[in-house]
Amino acid sequence: EAVYGKTLTATPDLEPGSGGLSYVWKRGGTAEAAGTVIDGASGSAYTLTTGDVGKYIAVEVSREGYDGNVRNAKGPVGPASAAFSGLTANGSISETTTILTLTFDKDIVGLTADDITISAGAVKGALNKTGTGIYELEVSGISADGSITVKAAKAGYNISAASKTVFVYFKIEKLDMASAAGGTITGSDAYKSGSDTGVFIAGRKVTLSTFKIAKYETTYELWYKVRQWALSNEYTFAHAGKEGYDGTIGAEPTVDKYEPVTGISWSDAIVWCNAYSEMTGKEAVYRYSGNIIRDSSDWTAYNGAVMDRAKSGYRLPTEAEWEYAARGGTPSASTPFTYTYAGSNDVGNVAWHSGNSSNVTHAVGGKAANSLELHDMSGNVYEWCWDRSGEIDTGEFNNPTGPGSGARRVIRGGSWYDGASHCTVAARNNFAPGETYYIIGFRVVSP
(Lines give C-alpha, C1' and ligand atoms only; values in the text may rest on other atoms or scores of the structure.)
Protein backbone atom coordinates (compact mmCIF):
# COMPACT_ATOMS: atom_id res chain seq x y z
CA GLU A 1 0.00 0.00 0.00
CA ALA A 2 1.33 3.43 -0.95
CA VAL A 3 0.22 6.01 1.60
CA TYR A 4 1.70 9.23 2.94
CA GLY A 5 4.52 8.57 5.40
CA LYS A 6 5.29 5.07 4.18
CA THR A 7 8.77 4.24 2.95
CA LEU A 8 9.04 2.52 -0.43
CA THR A 9 12.08 0.28 -0.96
CA ALA A 10 13.36 -0.71 -4.41
CA THR A 11 14.57 -4.30 -4.79
CA PRO A 12 15.59 -4.51 -8.46
CA ASP A 13 16.04 -7.76 -10.40
CA LEU A 14 19.19 -6.94 -12.39
CA GLU A 15 21.94 -9.12 -13.81
CA PRO A 16 24.76 -9.61 -11.32
CA GLY A 17 27.72 -7.35 -11.72
CA SER A 18 30.27 -5.25 -9.98
CA GLY A 19 28.91 -1.90 -11.16
CA GLY A 20 27.09 0.30 -8.68
CA LEU A 21 23.31 0.67 -8.71
CA SER A 22 21.68 4.01 -9.48
CA TYR A 23 18.14 4.93 -8.35
CA VAL A 24 15.99 7.68 -9.87
CA TRP A 25 12.62 8.38 -8.18
CA LYS A 26 9.89 10.05 -10.22
CA ARG A 27 6.24 11.08 -9.78
CA GLY A 28 3.31 11.74 -12.11
CA GLY A 29 -0.42 11.53 -12.64
CA THR A 30 -0.38 7.94 -13.91
CA ALA A 31 1.97 4.99 -13.71
CA GLU A 32 3.11 5.58 -17.26
CA ALA A 33 3.41 9.37 -16.85
CA ALA A 34 5.42 9.26 -13.65
CA GLY A 35 8.37 11.03 -15.19
CA THR A 36 9.10 14.09 -13.06
CA VAL A 37 12.29 13.52 -11.12
CA ILE A 38 11.84 14.00 -7.36
CA ASP A 39 14.54 16.37 -6.13
CA GLY A 40 16.63 15.06 -3.26
CA ALA A 41 15.44 11.47 -3.63
CA SER A 42 18.26 8.99 -3.98
CA GLY A 43 19.16 5.53 -2.82
CA SER A 44 17.01 2.43 -2.65
CA ALA A 45 14.41 3.87 -0.24
CA TYR A 46 12.04 6.82 -0.52
CA THR A 47 9.54 8.07 2.10
CA LEU A 48 6.30 9.37 0.64
CA THR A 49 5.50 13.04 1.30
CA THR A 50 2.36 15.14 1.20
CA GLY A 51 3.32 16.21 -2.32
CA ASP A 52 2.98 12.58 -3.43
CA VAL A 53 -0.64 12.15 -2.32
CA GLY A 54 -2.80 11.42 -5.36
CA LYS A 55 0.25 10.77 -7.58
CA TYR A 56 2.04 7.67 -8.85
CA ILE A 57 5.65 7.06 -7.77
CA ALA A 58 8.09 5.30 -10.05
CA VAL A 59 11.64 4.19 -9.49
CA GLU A 60 14.14 3.47 -12.27
CA VAL A 61 17.18 1.39 -11.35
CA SER A 62 20.27 0.90 -13.53
CA ARG A 63 23.67 -0.66 -13.05
CA GLU A 64 26.91 1.04 -14.00
CA GLY A 65 28.37 -0.46 -17.15
CA TYR A 66 25.08 -1.95 -18.35
CA ASP A 67 22.60 -0.63 -20.88
CA GLY A 68 18.97 0.02 -19.88
CA ASN A 69 17.22 -0.10 -16.53
CA VAL A 70 14.31 -1.62 -14.70
CA ARG A 71 11.27 0.41 -13.66
CA ASN A 72 8.36 -0.09 -11.30
CA ALA A 73 5.55 2.22 -10.21
CA LYS A 74 3.04 2.35 -7.37
CA GLY A 75 0.03 4.52 -6.74
CA PRO A 76 -1.94 6.51 -6.54
CA VAL A 77 -0.48 7.49 -3.18
CA GLY A 78 -3.22 7.78 -0.57
CA PRO A 79 -3.45 9.79 2.63
CA ALA A 80 -2.42 8.14 5.87
CA SER A 81 -5.32 7.13 8.12
CA ALA A 82 -5.47 8.71 11.56
CA ALA A 83 -8.13 9.06 14.26
CA PHE A 84 -8.86 12.13 16.37
CA SER A 85 -9.63 10.12 19.48
CA GLY A 86 -9.89 12.62 22.31
CA LEU A 87 -10.29 16.27 23.33
CA THR A 88 -10.13 17.66 26.87
CA ALA A 89 -9.85 21.14 28.37
CA ASN A 90 -8.57 22.76 31.52
CA GLY A 91 -9.27 26.28 32.64
CA SER A 92 -9.76 28.75 35.47
CA ILE A 93 -12.91 30.33 36.81
CA SER A 94 -11.24 33.77 36.83
CA GLU A 95 -9.62 33.61 33.39
CA THR A 96 -10.69 33.12 29.80
CA THR A 97 -7.78 30.93 28.75
CA THR A 98 -7.45 27.18 28.57
CA ILE A 99 -5.20 24.44 27.27
CA LEU A 100 -6.85 21.94 24.99
CA THR A 101 -5.36 18.46 24.83
CA LEU A 102 -5.86 16.82 21.43
CA THR A 103 -5.24 13.08 21.23
CA PHE A 104 -4.72 11.13 17.99
CA ASP A 105 -4.00 7.46 17.50
CA LYS A 106 -0.57 8.33 16.07
CA ASP A 107 1.76 11.25 15.52
CA ILE A 108 0.51 13.68 12.88
CA VAL A 109 3.77 14.65 11.20
CA GLY A 110 4.20 18.39 10.87
CA LEU A 111 0.97 19.28 12.70
CA THR A 112 0.82 22.98 13.59
CA ALA A 113 -1.76 25.34 15.03
CA ASP A 114 -2.59 26.36 11.47
CA ASP A 115 -3.97 22.86 10.91
CA ILE A 116 -6.44 23.28 13.79
CA THR A 117 -9.73 25.15 13.42
CA ILE A 118 -11.56 26.25 16.58
CA SER A 119 -14.86 27.96 17.36
CA ALA A 120 -15.37 31.55 16.26
CA GLY A 121 -14.29 34.11 18.85
CA ALA A 122 -11.63 31.96 20.47
CA VAL A 123 -7.97 32.66 19.69
CA LYS A 124 -5.35 29.97 19.10
CA GLY A 125 -1.91 30.11 20.66
CA ALA A 126 1.01 27.72 20.44
CA LEU A 127 0.61 24.02 19.68
CA ASN A 128 3.03 21.74 21.50
CA LYS A 129 3.57 18.01 21.08
CA THR A 130 3.66 16.38 24.53
CA GLY A 131 3.57 12.67 23.71
CA THR A 132 2.87 10.13 21.00
CA GLY A 133 -0.18 11.48 19.22
CA ILE A 134 -0.78 14.03 22.02
CA TYR A 135 -0.77 17.79 21.41
CA GLU A 136 -1.59 20.74 23.65
CA LEU A 137 -3.11 23.89 22.17
CA GLU A 138 -3.25 27.18 24.05
CA VAL A 139 -6.56 28.99 23.56
CA SER A 140 -7.77 32.38 24.81
CA GLY A 141 -10.88 34.50 24.40
CA ILE A 142 -13.21 31.91 25.94
CA SER A 143 -16.43 32.99 27.60
CA ALA A 144 -17.55 31.35 30.83
CA ASP A 145 -19.76 28.28 30.43
CA GLY A 146 -18.65 28.09 26.80
CA SER A 147 -17.75 25.15 24.65
CA ILE A 148 -15.15 24.87 21.91
CA THR A 149 -15.42 22.88 18.72
CA VAL A 150 -12.10 21.73 17.31
CA LYS A 151 -11.45 20.39 13.83
CA ALA A 152 -8.14 18.88 12.73
CA ALA A 153 -7.08 18.66 9.08
CA LYS A 154 -3.58 17.93 7.88
CA ALA A 155 -2.36 17.46 4.32
CA GLY A 156 -1.47 13.84 3.74
CA TYR A 157 -3.85 12.52 6.41
CA ASN A 158 -7.39 11.26 6.35
CA ILE A 159 -8.41 12.03 9.93
CA SER A 160 -11.54 10.25 11.15
CA ALA A 161 -13.78 11.89 13.76
CA ALA A 162 -11.96 15.07 12.80
CA SER A 163 -14.36 17.40 14.65
CA LYS A 164 -14.95 17.31 18.40
CA THR A 165 -16.58 19.61 20.93
CA VAL A 166 -15.54 20.03 24.54
CA PHE A 167 -17.09 22.04 27.36
CA VAL A 168 -14.43 24.33 28.77
CA TYR A 169 -15.03 23.71 32.43
CA PHE A 170 -13.52 26.00 34.99
CA LYS A 171 -11.71 25.22 38.20
CA ILE A 172 -13.87 25.48 41.28
CA GLU A 173 -11.21 26.16 43.86
CA LYS A 174 -13.78 27.09 46.49
CA LEU A 175 -17.36 26.22 47.17
CA ASP A 176 -19.28 28.98 45.37
CA MET A 177 -22.56 29.64 47.15
CA ALA A 178 -25.71 31.45 46.04
CA SER A 179 -28.13 33.10 48.43
CA ALA A 180 -31.74 31.94 48.42
CA ALA A 181 -33.90 34.56 50.11
CA GLY A 182 -36.47 33.08 52.43
CA GLY A 183 -40.15 33.22 51.64
CA THR A 184 -43.55 31.64 52.00
CA ILE A 185 -44.94 29.38 49.30
CA THR A 186 -48.61 28.57 49.08
CA GLY A 187 -48.90 25.21 47.38
CA SER A 188 -50.75 24.82 44.11
CA ASP A 189 -51.63 22.19 41.51
CA ALA A 190 -49.92 24.55 39.03
CA TYR A 191 -46.60 23.31 40.43
CA LYS A 192 -47.23 19.73 39.32
CA SER A 193 -45.42 18.06 36.46
CA GLY A 194 -47.69 15.32 35.21
CA SER A 195 -48.30 13.02 38.17
CA ASP A 196 -45.32 14.44 40.07
CA THR A 197 -46.42 16.89 42.74
CA GLY A 198 -43.22 18.05 44.40
CA VAL A 199 -43.52 19.29 48.00
CA PHE A 200 -45.51 22.48 47.36
CA ILE A 201 -48.86 20.76 46.98
CA ALA A 202 -52.30 22.35 47.11
CA GLY A 203 -53.42 22.82 50.72
CA ARG A 204 -49.88 23.27 51.99
CA LYS A 205 -48.12 26.48 53.01
CA VAL A 206 -44.35 26.39 53.58
CA THR A 207 -42.18 29.14 55.05
CA LEU A 208 -38.42 28.89 54.59
CA SER A 209 -35.65 30.96 56.15
CA THR A 210 -32.91 32.47 54.00
CA PHE A 211 -30.11 30.03 53.24
CA LYS A 212 -27.10 29.66 50.96
CA ILE A 213 -26.78 26.81 48.48
CA ALA A 214 -23.85 25.60 46.38
CA LYS A 215 -24.00 26.70 42.75
CA TYR A 216 -22.55 23.36 41.69
CA GLU A 217 -22.86 19.74 42.62
CA THR A 218 -19.93 18.67 44.82
CA THR A 219 -17.05 17.83 42.50
CA TYR A 220 -14.81 14.85 43.01
CA GLU A 221 -11.86 17.22 43.41
CA LEU A 222 -13.47 18.97 46.38
CA TRP A 223 -14.75 15.70 47.83
CA TYR A 224 -11.27 14.16 47.64
CA LYS A 225 -9.54 17.19 49.15
CA VAL A 226 -11.88 17.29 52.15
CA ARG A 227 -11.89 13.52 52.60
CA GLN A 228 -8.08 13.41 52.72
CA TRP A 229 -8.13 16.05 55.46
CA ALA A 230 -10.89 14.19 57.26
CA LEU A 231 -9.06 10.84 57.27
CA SER A 232 -6.23 12.56 59.14
CA ASN A 233 -8.66 14.06 61.64
CA GLU A 234 -10.51 11.10 63.12
CA TYR A 235 -13.12 10.73 60.36
CA THR A 236 -14.11 7.42 58.74
CA PHE A 237 -16.00 6.89 55.49
CA ALA A 238 -17.87 3.79 54.44
CA HIS A 239 -17.28 4.67 50.78
CA ALA A 240 -14.42 6.56 49.16
CA GLY A 241 -16.39 8.01 46.22
CA LYS A 242 -15.32 8.30 42.60
CA GLU A 243 -15.18 10.71 39.66
CA GLY A 244 -18.51 10.65 37.88
CA TYR A 245 -20.09 7.35 36.95
CA ASP A 246 -16.95 5.36 36.04
CA GLY A 247 -14.00 6.77 37.96
CA THR A 248 -11.69 4.67 40.11
CA ILE A 249 -12.95 4.46 43.67
CA GLY A 250 -10.89 6.63 46.03
CA ALA A 251 -8.23 7.45 43.43
CA GLU A 252 -6.47 10.78 43.15
CA PRO A 253 -8.35 13.27 40.95
CA THR A 254 -7.67 13.13 37.20
CA VAL A 255 -8.66 15.33 34.27
CA ASP A 256 -12.26 14.39 35.16
CA LYS A 257 -11.99 15.92 38.64
CA TYR A 258 -14.72 18.49 37.94
CA GLU A 259 -17.31 15.79 37.43
CA PRO A 260 -19.61 15.29 40.43
CA VAL A 261 -18.60 12.77 43.04
CA THR A 262 -20.73 9.62 42.98
CA GLY A 263 -20.61 6.29 44.73
CA ILE A 264 -21.23 7.92 48.10
CA SER A 265 -24.09 7.20 50.48
CA TRP A 266 -26.30 9.64 52.36
CA SER A 267 -24.33 8.83 55.49
CA ASP A 268 -21.04 9.58 53.69
CA ALA A 269 -22.46 12.93 52.59
CA ILE A 270 -23.46 14.11 56.07
CA VAL A 271 -20.12 13.02 57.55
CA TRP A 272 -18.30 14.82 54.73
CA CYS A 273 -20.34 17.94 55.49
CA ASN A 274 -19.21 17.77 59.11
CA ALA A 275 -15.60 17.36 58.00
CA TYR A 276 -15.80 20.25 55.55
CA SER A 277 -17.33 22.43 58.24
CA GLU A 278 -14.52 21.71 60.70
CA MET A 279 -11.86 21.97 58.00
CA THR A 280 -13.04 25.50 57.19
CA GLY A 281 -13.49 26.66 60.78
CA LYS A 282 -17.26 26.23 60.96
CA GLU A 283 -19.40 24.29 63.41
CA ALA A 284 -20.39 20.74 62.47
CA VAL A 285 -24.15 20.37 61.96
CA TYR A 286 -24.82 16.62 62.30
CA ARG A 287 -24.72 15.08 65.75
CA TYR A 288 -25.80 12.01 67.67
CA SER A 289 -26.24 12.12 71.44
CA GLY A 290 -24.60 15.53 71.33
CA ASN A 291 -21.44 14.25 69.57
CA ILE A 292 -20.26 15.13 66.08
CA ILE A 293 -20.87 12.23 63.71
CA ARG A 294 -17.50 11.24 62.23
CA ASP A 295 -18.09 7.68 61.00
CA SER A 296 -20.44 7.11 58.07
CA SER A 297 -20.44 3.35 58.68
CA ASP A 298 -21.96 3.81 62.16
CA TRP A 299 -25.62 2.98 61.42
CA THR A 300 -26.80 3.81 64.93
CA ALA A 301 -25.31 7.29 64.72
CA TYR A 302 -26.43 8.22 61.24
CA ASN A 303 -29.88 6.69 61.61
CA GLY A 304 -30.36 8.78 64.74
CA ALA A 305 -28.61 11.86 63.39
CA VAL A 306 -29.85 15.27 64.49
CA MET A 307 -29.44 18.29 62.22
CA ASP A 308 -28.60 21.33 64.35
CA ARG A 309 -29.51 24.23 62.07
CA ALA A 310 -28.18 26.73 64.60
CA LYS A 311 -24.65 25.62 63.74
CA SER A 312 -22.67 27.55 61.12
CA GLY A 313 -21.49 24.60 59.06
CA TYR A 314 -22.41 22.87 55.82
CA ARG A 315 -25.27 20.41 55.49
CA LEU A 316 -27.56 18.80 52.94
CA PRO A 317 -30.60 20.81 51.88
CA THR A 318 -33.99 19.79 53.16
CA GLU A 319 -36.28 18.60 50.40
CA ALA A 320 -38.28 21.83 50.61
CA GLU A 321 -35.11 23.92 50.38
CA TRP A 322 -33.90 21.87 47.43
CA GLU A 323 -37.12 22.27 45.44
CA TYR A 324 -37.45 25.95 46.38
CA ALA A 325 -33.93 26.61 45.09
CA ALA A 326 -34.40 24.46 41.98
CA ARG A 327 -37.50 26.49 41.10
CA GLY A 328 -35.51 29.72 41.50
CA GLY A 329 -36.68 30.88 44.92
CA THR A 330 -39.67 33.12 45.60
CA PRO A 331 -42.08 33.08 42.63
CA SER A 332 -42.11 36.18 40.43
CA ALA A 333 -42.82 37.17 36.88
CA SER A 334 -39.11 36.98 36.03
CA THR A 335 -38.48 33.66 37.79
CA PRO A 336 -41.49 31.43 37.10
CA PHE A 337 -41.98 28.92 39.90
CA THR A 338 -43.77 26.76 37.34
CA TYR A 339 -40.83 25.95 35.08
CA THR A 340 -40.82 22.21 34.38
CA TYR A 341 -37.06 21.96 34.89
CA ALA A 342 -34.62 23.99 36.97
CA GLY A 343 -34.64 27.30 35.07
CA SER A 344 -36.37 26.32 31.84
CA ASN A 345 -39.18 24.44 30.16
CA ASP A 346 -36.59 23.06 27.73
CA VAL A 347 -34.79 20.18 29.37
CA GLY A 348 -31.86 20.37 26.94
CA ASN A 349 -31.00 23.89 28.11
CA VAL A 350 -30.47 22.96 31.72
CA ALA A 351 -30.02 19.21 32.14
CA TRP A 352 -27.86 16.25 31.19
CA HIS A 353 -30.29 13.36 30.84
CA SER A 354 -30.49 10.07 28.95
CA GLY A 355 -31.41 11.85 25.74
CA ASN A 356 -28.28 14.03 25.51
CA SER A 357 -25.67 12.78 28.01
CA SER A 358 -24.12 10.04 25.85
CA ASN A 359 -24.66 7.88 28.94
CA VAL A 360 -21.94 9.56 31.01
CA THR A 361 -21.69 12.15 33.77
CA HIS A 362 -20.43 15.59 32.81
CA ALA A 363 -18.31 18.26 34.45
CA VAL A 364 -20.45 20.43 36.70
CA GLY A 365 -21.79 23.69 35.30
CA GLY A 366 -22.01 22.52 31.71
CA LYS A 367 -25.65 23.50 31.31
CA ALA A 368 -27.39 26.84 31.83
CA ALA A 369 -28.08 27.94 35.40
CA ASN A 370 -31.45 28.88 36.84
CA SER A 371 -32.26 32.35 38.20
CA LEU A 372 -30.30 31.66 41.42
CA GLU A 373 -27.21 30.78 39.32
CA LEU A 374 -27.52 27.11 40.26
CA HIS A 375 -26.33 24.55 37.72
CA ASP A 376 -27.41 20.92 37.27
CA MET A 377 -30.37 21.04 39.66
CA SER A 378 -32.01 19.06 36.87
CA GLY A 379 -30.01 16.11 35.57
CA ASN A 380 -26.34 15.07 35.70
CA VAL A 381 -26.65 13.30 39.08
CA TYR A 382 -29.40 12.92 41.66
CA GLU A 383 -28.76 14.88 44.84
CA TRP A 384 -29.18 13.67 48.40
CA CYS A 385 -31.50 15.67 50.66
CA TRP A 386 -31.78 15.52 54.44
CA ASP A 387 -35.37 14.28 54.62
CA ARG A 388 -36.61 10.77 55.11
CA SER A 389 -38.91 9.69 52.32
CA GLY A 390 -42.65 9.91 52.92
CA GLU A 391 -45.96 11.42 51.91
CA ILE A 392 -46.29 15.21 51.76
CA ASP A 393 -48.86 16.50 54.26
CA THR A 394 -51.13 19.51 53.89
CA GLY A 395 -51.08 22.31 56.45
CA GLU A 396 -48.71 25.12 57.41
CA PHE A 397 -45.03 24.36 58.00
CA ASN A 398 -42.00 26.41 58.99
CA ASN A 399 -38.69 25.05 57.66
CA PRO A 400 -39.99 21.47 57.34
CA THR A 401 -37.48 18.64 57.62
CA GLY A 402 -39.57 15.67 56.51
CA PRO A 403 -41.05 12.70 58.36
CA GLY A 404 -39.66 11.65 61.72
CA SER A 405 -39.22 8.05 60.63
CA GLY A 406 -38.62 6.07 57.47
CA ALA A 407 -35.95 3.75 56.11
CA ARG A 408 -35.02 5.73 52.99
CA ARG A 409 -33.78 9.26 52.27
CA VAL A 410 -34.90 11.63 49.53
CA ILE A 411 -32.97 12.17 46.30
CA ARG A 412 -33.99 14.84 43.81
CA GLY A 413 -33.20 16.18 40.34
CA GLY A 414 -32.81 13.14 38.10
CA SER A 415 -29.58 12.14 36.39
CA TRP A 416 -27.66 11.56 33.17
CA TYR A 417 -29.06 8.01 33.18
CA ASP A 418 -32.72 8.99 33.47
CA GLY A 419 -35.31 10.27 31.04
CA ALA A 420 -36.36 13.92 31.09
CA SER A 421 -39.48 13.19 33.16
CA HIS A 422 -37.27 12.23 36.11
CA CYS A 423 -35.39 15.54 35.90
CA THR A 424 -38.32 17.88 36.60
CA VAL A 425 -38.37 20.09 39.68
CA ALA A 426 -41.47 18.22 40.88
CA ALA A 427 -40.18 14.64 40.54
CA ARG A 428 -39.38 12.92 43.85
CA ASN A 429 -37.31 9.80 44.48
CA ASN A 430 -35.55 8.05 47.35
CA PHE A 431 -32.73 5.65 48.14
CA ALA A 432 -31.34 3.69 51.08
CA PRO A 433 -29.12 6.00 53.17
CA GLY A 434 -26.28 3.51 53.57
CA GLU A 435 -26.13 2.51 49.91
CA THR A 436 -24.43 4.10 46.89
CA TYR A 437 -25.23 4.45 43.22
CA TYR A 438 -23.28 5.93 40.32
CA ILE A 439 -26.12 8.33 39.53
CA ILE A 440 -26.27 9.96 42.99
CA GLY A 441 -24.19 12.86 44.32
CA PHE A 442 -25.01 15.91 46.43
CA ARG A 443 -24.63 19.65 46.96
CA VAL A 444 -24.52 21.56 50.23
CA VAL A 445 -26.26 24.46 51.93
CA SER A 446 -25.29 26.71 54.82
CA PRO A 447 -26.99 29.45 56.90
Choice from Y382, Y235, Y66 with maximal GNM fluctuation in the chain (Cα, 10 Å cutoff): Y66
Gained length - N349 relative to A155, 0.36 nm times residue gap less alpha-carbon distance: 66.1 nm
Residue of E217, E383, E283 that the Gaussian network model of the chain assigns the largest fluctuation, springs spanning Cα pairs under 10 Å: E283
Sorted peptide list for 418-429, 358-369, 193-204, criterion being average Cβ within 10 angstrom, highest first: 418-429, 358-369, 193-204
Share of alpha-carbon pairs per 5 Å distance bin for the stretch 212-298, given as whole %: 3, 16, 26, 25, 18, 9, 3, 1, 0
Pairs beyond 19 Å (Cα-Cα), from K257/K367; K129/K225; K6/K154; K282/K367; K215/K257; K242/K282: K129/K225; K282/K367; K242/K282
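Grab the beta carbon distance between K205 and S163, set R0 = 45 Å, and tell me the FRET efficiency rounded to 0.05.
0.25
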Reciprocal mean inverse distance between Cα atoms of the stretch 197-341 - Kirkwood radius, Å: 16.7 Å
Stokes-Einstein D in µm²/s, Kirkwood radius over Cα pairs - the stretch 303-361 at 20 °C with 1.002 mPa s viscosity: 152 µm²/s
Förster radius 45 Å - calculated FRET efficiency between V24 and A251, Cβ distance, rounded to 0.05: 0.15
Cα-based shape type of the stretch 344-411, given that a ≥ b ≥ c are square roots of the gyration tensor eigenvalues and the cut on a/c is 1.5: prolate
Solvent-accessible surface (1.4 angstrom probe) belonging to S42, in square angstrom, nearest 10: 80 Å²
Heavy-atom accessible area per residue - the chain, 1.4 Å, Å²: 43 Å²
P(r) tail fraction, the stretch 11-129 - alpha-carbon pairs more than 20 Å apart, %: 61 percent
Cα gyration tensor category, rounded, prolate or oblate, for the chain with a/c compared to 1.5: prolate
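Given a cut-off of under 8 Å on Cα pairs at least six residues apart, what relative contact order in percent is computed for the stretch 2-63?
Numbers: 103 pairs, mean separation 30.0, N = 62.
Relative contact order for the stretch 2-63 comes out at 48 percent.
To the nearest 0.05, what FRET efficiency results for A432 and K106 with a Förster distance of 45 Å applied to their C-beta separation?
In this case the efficiency is close to 0.40.
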The stretch 311-424: translational diffusion in µm²/s, Stokes-Einstein, Kirkwood Rh over Cα pairs, 4 °C, 1.567 mPa s: 88 µm²/s
Spin-label pair A407/T47, simplified geometry with 7 Å Cα→Cβ offset, distance in nm: 6.8 nm
Max mean-square fluctuation residue, GNM over the chain, Cα-Cα springs under 10 Å, options P260, P76, P336: P76
Over the stretch 213-259: Kirkwood hydrodynamic radius from C-alpha pairwise inverse distances, Å: 11.2 Å
Percent accessible area from carbon and sulfur atoms, the stretch 342-392, protein chains only, probe 1.4 Å: 40 percent
Share of pairwise Cα separations in the stretch 1-76, more than 19 Å, in percent: 32 percent
Hull volume in cubic angstrom per residue (convex hull over the Cα atoms of the stretch 175-243): 173 Å³
The chain: relative contact order as a whole-number percent, Cα under 8 Å and 6+ apart: 13 percent
Average Cα contact separation per residue, the stretch 165-318, under 8 Å, 6 or more apart, as relative contact order %: 18 percent
Percent accessible area from carbon and sulfur atoms, the stretch 187-295, protein chains only, probe 1.4 Å: 42 percent
Protein accessible area in the stretch 25-158, 1.4 Å probe - carbon and sulfur %: 48 percent
Solvent-accessible ranking of D114, D189, largest area first, probe 1.4 Å: D114, D189
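The values are calculated or read from the model by the stated rules, or taken from the named source; none is laboratory data. In this text the structure is predicted, and so the values were computed from the model without any measurement. So basically every Cβ, Gly included, is an ideal-geometry build from the backbone, and we count neighbours across all protein chains shown. Quick note on the areas: whole protein, heavy atoms, side chains included, nothing else; ligands and nucleic acids left out. Shrake-Rupley method; radii C 1.70, N 1.55, O 1.52, S 1.80 Å.
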